[in-house]
Amino acid sequence: MNGPLRRAGVVVMILFGLLFANLNWVQGYKADEYRNSDFNGRVQVAEYERARGVIEVGGKALADGKVTTGELKYLRTYPFKSEFAHVVGYKPVNLAATGIEKAENEFLAGTSDRLFGDRFRDMFTGEETAGGNVVLTLSLRAQDAAVKGLANNDVGSTRGAAVAINPKTGAVQAFVSMPSFDPNPLVSHDTNAAEAAFNQLEKAKDSPLKNRVLGEVLPPGSTFKVIDTAAALENGLTPQTNIPAGPSYTAPTSGTPIRNAASSVCPESQVTLAEALRESCNTGFAQLAVRLGATKIKDKARAFGFEDESLTVGNLDGSGLPVAASRTGTIQNPDGGDDPAALAQSGIGQNNVRMTPLQGAMIAATVANGGERMRPYLVQQLLGPDRRTISTTSPKKINNPVSATVAAQLQDMMVNVVEGGTGRNARINGYTVGGKTGTAQDGGDPNDHGWFIGFVLKDGEPISAVCVLLERATAGGSAEAAKIGGDIMEAVIADGGGN
Amino acid sequence: MTARTTPAASPAVTGEMPRIRMSKSRRNAELGLLLFAMALITAYAATVEATMLDSVTPDFWIPAALVSLVFLGLHIVIRFLAPYADPALVPAVALINGLGVAFLRRIDLGRADAADRANFPIFAGDGGRQLAWTLLAAIMAAGLLIIVRDHRIVSRYAYTLGLVGIVLVMIPAVLPSRYSEINGAKLWILIGGFSIQPGEFAKLALVSFFAYYLVRKREVLSLASRRFLGIDFPRGRDLGPVVAVWLLSLLVLVFEKDLGTALLYFGMFVVILYVATERVSWLIIGLLLFFGGATLAYSLGASIGGPFANFYDRVQIWQDPFADPYNAGYQPVQSLLGLGTGGLFGAGPGGGQPTKVPDVEDDFIFAGLGEEIGLFGLSAFLVMYLLIVERGLRAGLAVRDSFGKLLAGGLAFTLGLQVFVIVGGVSGLIPLTGQTTPFLSAGGSSLMANWLIIAMLLRISDAAGRPVTGSASAQGDGPAGPPVKLHGAPTEVIRS
């Protein structure tokens, strides 16, 4: 009987070997997946043991924490409620995090390698030193102005966005998506209540959870003429070059005539390029686009940031909030050649051209900054739990979409738009303001989208560049957008902006 | 003390019968190992308190000391009543049992309010209860050693034990669910606040019966056979007992809704049958029958449901626990997440959140432990279990009578199989079944029954290690008297 007994022993060893192999699989190979699983509440409890870092602007906390008596020790709070919701985001217990809360999660939670020293010290002291603090680039005043401006618009728009950036650095000064939401209920430790609040927001009218600054892509309308103008100036035209205009233009292959916003706009057969931009002359720019060809327009748009699918706004060293790509769309016939009808429409920012508000602000900022396009960012500084500086963002240039000469010409032309053209509402006393309005038709809706992109200079030095979008506005939407844009830039100036 | 080991010199040097050199009492080795185990348990308890309370209370050592006292008492009983028993068995089991008590106390602390933890009474909660069960289990083990002086006595009561075993197995099946069902498995007798799992005790009785029955029938079962595909298959009429046990297992599966217990009984029987007959064909038949039965139950569960539905559901959950992570799959999912969170090194004793897993004090104790001691800790536990099982099988190898071989082999293998079934279930290797983790899970039935098995293995290993006394004179009549002087070596044993 000893033979079979020995074999039974071997069988037991094999069975235990299987257990051992399976435990290796579960605790070794799959360990990370299980540890970070959405169904795993353990890591969370540990995460909530440590005070999460503060997200702040100008000494004011946008995201803070308070001690509770529950299983999860720290409750996240957002003192400004809806005002910074789309920038700061939220860090819920069971739902997915968003915004800076998500992008800088490791640093805020204290698990980042940059806080290794703190964790190492904790091992000996047995304390839970708080996570790191994140200082944002925003201006409280500009943010206020943007929120109020959008909310109080008198053109009936319920959705929109406003963003301001420092043209010299790319630092974001204001960042508002309308409508917004209060993130506090979403981070409730009562996960059922949090989920209910989330579901309610998700179903709410005008989708408040949507980040329109980075995620809304709409036809840019006449703001796109800045790109056409840049392409024209780089291809031998000057602001004084006469271009064909007229009350109506029909592309060679299409029967739909392009008209101007009013019969008083460029009815003459020839206008200067500067005049065309100032009055926002559709027939002029449609013909200009056809003359330049799709490739030149597309290339210039790409140089300004269109088609970029990988841009993020957050920390220049790492991750951030993803930005939807702006598009110029197809401007070709099926045979591969230019489609003049589509090209004429694309030249005035219609057809398949789509732009995010952030992209609009970047165009204005690049023009204001002498043709240097800076990468936008939100995180100014990372501070340790003891508020020592761990890193300060140094601005990064992306490229030069236009030469300094062309940029200067564009600046002058855009300043004309504000001083004597469609963008008068954006004027600021004592400062040089330039810009471009846009009214974009979108689908069959009689209410168009009102756009404004613009910048403000002081003694030739750029201070701020904005983009304001009012979706589905009644008549005068772009003029209202220009007014809000002016208010935001004024608030940046009042906040000592530009630095 | 007593029974100082004999010098290894002696006539065995001639090389004639080297196996006789086993006649060595190694109680001091056992004592040393036991003290080491107790030191580990004390250190574990201190670490738990340091992590959970941020300080070690002055009383932290008391549960560990009480456990130590119980096992030291058992050790003394063994010194007198089974001096030649395997010295590794009791320390290995005591280590697992003691860590189990300490871990259950850790669970109690985890469930208590943070403010009350420092003053949590020693005899409260699952940990305190387990401490009491440990005392009772050790007393029962000692009692078995006192009453059963020779394992062969057991064979006299084999049929009685077989009947008792079957009755114990069947009681929960015939009781109304109200008195027998916990978590969908009808394995219990629930009276008042007490719950007994009779199946745990049935194992010992059934193995004794199988061993006796097969010693009697082994010739018929192993010799009368037909050859097919190069393997000797038994005659149809000799299949009776196997089929009977198979049916019994299936009945357990269907009426008690428990795959683990069914697998345990059937595996136990097939292995004893195989050891008795030395016929591989029995293993093949057994495996075919088991997997055939399981497949049948699965497809019946899928098509008609009824009593098979529970088994079907369990297999479904096993295949993809994350399909329904908040309801049906909640327990296995939390178990896997706990194990994964522990990773290689674990969160440290007291550093995890084992209470996230429902039933962590019972079926899922291995997952709770795994979160805190990691893969390395669990591997150490597996090695301890493997050591116990292999030591049990070794007792079977060394003992001289067939009944003892079958009994030891069957008991040890059953223990190993039970560890496989529950740890495999908890870690997602096989469908989850309601088995207790031997010596770890909270609960008296399991602890007592498994300690009885250990006592029986001690008794058999004592018989195996006992010096051979010329002729087998004292057969079946209690212990074979005081071990006489052997080979002139002064082996002194104090008579009880």
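Just to be sure I understand the model, the point goes 7 Å from the Cα along the line to the Cβ. What's the resulting residue A:242 to residue A:204 distance in nm?
Calculated label separation equals 5.7 nm.
Where the only charges are on Cβ atoms (+1 Lys, Arg; -1 Asp, Glu), what is the dipole of the protein assembly as shown about its Cα centre, to the nearest 20 debye?
About 4000 debye.
Just read off the accessible area of residue B:196 with the full protein assembly in place, 1.4 Å probe, to the nearest 10 Å².
70 Å²
In Å², and per residue, what accessible area does the protein assembly as shown have when probed at 1.4 Å with the other protein chains present?
Dividing the accessible area of the protein assembly as shown by its residue count gives 40 Å².
Using alpha carbon centroids, what distance separates segment A:1-70 and segment A:159-200, in Å?
Using only Cα atoms, the two centres lie 32 Å from each other.
Can you give the FRET efficiency to the nearest 0.05 for residue A:269 and residue A:113, using r as the Cβ-Cβ distance and R₀ = 56 Å?
0.30
Which lysines, if any, have their Cα less than 27 Å from the Cα of residue A:73, not counting same-chain residues under 8 positions apart?
Residue A:73 reaches A:60, A:81, A:91, A:102, B:356.
Return the loop-located trypsin sites (Lys or Arg not before Pro) in segment A:1-82 (DSSP other than H, G, I, E, B) with at most 14 other Cβ atoms within 10 Å of their own Cβ; answer none if there are none.
Those satisfying the criteria are A:81.
So for the protein assembly as shown, taking the charge dipole from beta-carbon charges (+1 Lys/Arg, -1 Asp/Glu), which of A:410, A:263, B:244 sits furthest toward the positive end?
Most positive-ward Cα: B:244.
How far apart, in nm, are two points set 7 Å out from the Cα along the Cα-to-Cβ line at residue B:330 and at residue A:29?
Simple spin-label model gives 3.0 nm for this pair.
May I ask you to derive the relative contact order of chain A, considering only C-alpha pairs under 8 Å and at least 6 residues apart, and to give it as an integer percent?
Reported relative contact order: 17 percent.
Using the Cβ atoms and a cut-off under 12 Å, what net charge is assigned to the surroundings of residue B:352, where Lys and Arg are +1 and Asp and Glu are -1?
Combined, the nearby Lys, Arg, Asp and Glu give +2.
Could you compute how much accessible area chains A and B hide from each other, both sides summed, with a 1.4 Å probe? Nearest 100 Å² is fine.
3800 Å²
Taking the simple approach of a point 7 Å from Cα along Cα-to-Cβ for both residue A:419 and residue B:217, what is their distance in nm?
11.1 nm
Calculate one ³J(HN,Hα) per residue across segment A:425-439 by plugging θ = phi - 60° into the Karplus curve 6.51 cos²θ - 1.76 cosθ + 1.60, and present them in order as whole Hz with x for glycine and proline.
4, 8, 4, 10, 4, x, 10, 8, 10, x, x, 8, 8, x, 10
Using modelled backbone amide H atoms (1.01 Å from N, in-plane), which distant-in-sequence or interchain residues come within less than 5 Å of residue A:63's amide H?
Counting only residues 5 or more places away or on other chains, the set is A:55.
Using modelled amide H (1.01 Å from N, peptide plane; none on Pro or chain starts), what sits under 5 Å from the amide H of residue A:332, excluding residues fewer than 5 places away?
A:339
Calculate the dipole size of chain A relative to its Cα centre from +1 charges on Lys and Arg beta carbons and -1 charges on Asp and Glu beta carbons; express the result in debye to the nearest 20.
Charge dipole of chain A: 680 debye, to the nearest 20.
Spelling out what I want: for every residue of segment A:31-41, take phi, set θ = phi - 60°, compute 6.51 cos²θ - 1.76 cosθ + 1.60 (Karplus), and round to whole Hz; glycine and proline get x.
4, 5, 4, 5, 4, 9, 4, 5, 8, 9, x
HN-Hα J couplings of segment A:235-251 from phi, Karplus 6.51/-1.76/1.60, θ = phi - 60°, integer Hz, Gly and Pro as x?
Residue by residue, segment A:235-251 yields 10, x, 7, 10, x, 8, 4, 7, 10, x, 10, x, x, 8, 9, 10, 4 Hz.
With each run of n ≥ 4 DSSP H residues scored as -39500 (n - 2.57), what mean residue ellipticity at 222 nm is computed for chain A after dividing by its residue count and rounding to the nearest 500 deg cm²/dmol?
When only DSSP H runs of four or more count, the value is -10500 deg cm²/dmol.
Quick one: pull the percent of accessible area on the protein assembly as shown belonging to carbon and sulfur, 1.4 Å probe, ligands and nucleic acids left out.
Of the solvent-accessible surface of the protein assembly as shown, carbon and sulfur hold 57 percent.
Mind listing, in residue-number order, the residues in segment A:29-58 that have at least 30 Å² less accessible area with every protein chain present than in their own chain alone (1.4 Å probe)?
Buried by the other chains: A:34, A:35, A:39, A:42.
On a C-alpha basis, how far is the centre of segment A:359-395 from the centre of segment A:235-266 in Å? Whole number, if you could?
Taking the Cα centre of segment A:235-266 as reference, the centre of segment A:359-395 is 39 Å away.
Could you pull out every residue, at least 5 positions away or on a different chain, whose amide H is within less than 5 Å of the one on residue A:270? Hs are placed 1.01 Å off N in the peptide plane, and Pro or chain starts have none.
Placed amide hydrogens put A:245 under 5 Å from residue A:270.
To the nearest 10 square angstrom, how much accessible area does residue B:59 have with a 1.4 angstrom probe?
80 Å²
Sort by residue number and name the cysteines in chain A that have no neighbouring cysteine Cβ under 4.7 Å.
A:467
Students often get this wrong: which residues of segment A:338-354 have the backbone nitrogen under 19 Å from the point 7 angstrom along Cα-to-C-beta of residue A:445?
From segment A:338-354, the list is A:349-354.
Please report how far the C-alpha centroid of segment B:104-149 lies from that of segment A:435-499, rounded to the nearest whole angstrom.
73 Å
Helix A:282-292: angle to the longest alpha-carbon principal axis of chain A, degrees 0 to 90, nearest 10?
Around 80 degrees separate the two axes.
Give me the net charge for the shell around residue B:171: Cβ to Cβ below 11 angstrom, other residues only, Lys and Arg +1, Asp and Glu -1.
Charge balance in the 11 Å sphere: 0.
Residue B:179: accessible area at probe 1.4 Å, nearest 10 Å²?
Approximately 90 Å² of residue B:179 is accessible to the 1.4 Å probe.
When only DSSP loop residues count, what GluC sites (Glu not before Pro) in segment A:231-293 have their Cβ near at most 14 other Cβ atoms within 10 Å?
A:268
The values are calculated or read from the model by the stated rules, or taken from the named source; none is laboratory data. Here the structure is a predicted model, which means the values were calculated and not measured. Cβ: placed from backbone, ideal geometry, glycine included. Neighbour counts: every protein chain shown. Side chains included, ligands, DNA and RNA excluded: accessible areas come from the protein's heavy atoms. Shrake-Rupley method; radii C 1.70, N 1.55, O 1.52, S 1.80 Å.
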